[in-house]
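Asks: Shown below is the structure under consideration.
Derivation of every value follows stated rules applied to the coordinates shown; laboratory data play no part. Small disclaimer: the values here were computed from a predicted structure and weren't measured. Cβ: placed from backbone, ideal geometry, glycine included. Neighbour counts: every protein chain shown.
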Amino acid sequence: MVKGVNKQVIEVMETGNEYFERAILVVRAQKANKSKAMLEQKAADYIDSFGQSPLPRLRKKRSRRRQMALALANRLCWAGAGALCALLFYWL
């Protein structure tokens with residue numbers, strides 16, 4: 001819902017990212033009186049600080065835990081398959 005509040009917005013058309021073509025940043029009210037050039041420079045610096053994508057950094061934090069869970073699940077599946085084969089060969 002849009003109310004009658006006037007906000008200053010900066011739209012960054014070229015993000016330098018393969019996933020996102022543009023970014024829309026809303027300027028804080030206390031910083032809206034700064035020069036346009038300075039706000040645009042701050043916006044460009046902020047977008048550049050993300051690097052290629054923030055998502056791979058988030059995945060790295062969980063990758064070790066996910067690797068361990070997948071290894072455990074893999075071993076449990078193989079143990080279950082081995083137990084099933086042993087039972088089948090025993091009954092035959």
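Asks: Taking the highest mean first, how do the peptides 40-49, 68-77 order by number of other beta carbon atoms within 10 angstrom per residue?
Replies: Per-residue mean Cβ counts within 10 Å order the peptides as 40-49, 68-77.
Asks: Still on this structure: Under 5 Å between amide hydrogens, which residues at least 5 positions from GLN8 or on another chain qualify, with H placed 1.01 Å from N in the peptide plane?
Replies: Correct list: VAL27.
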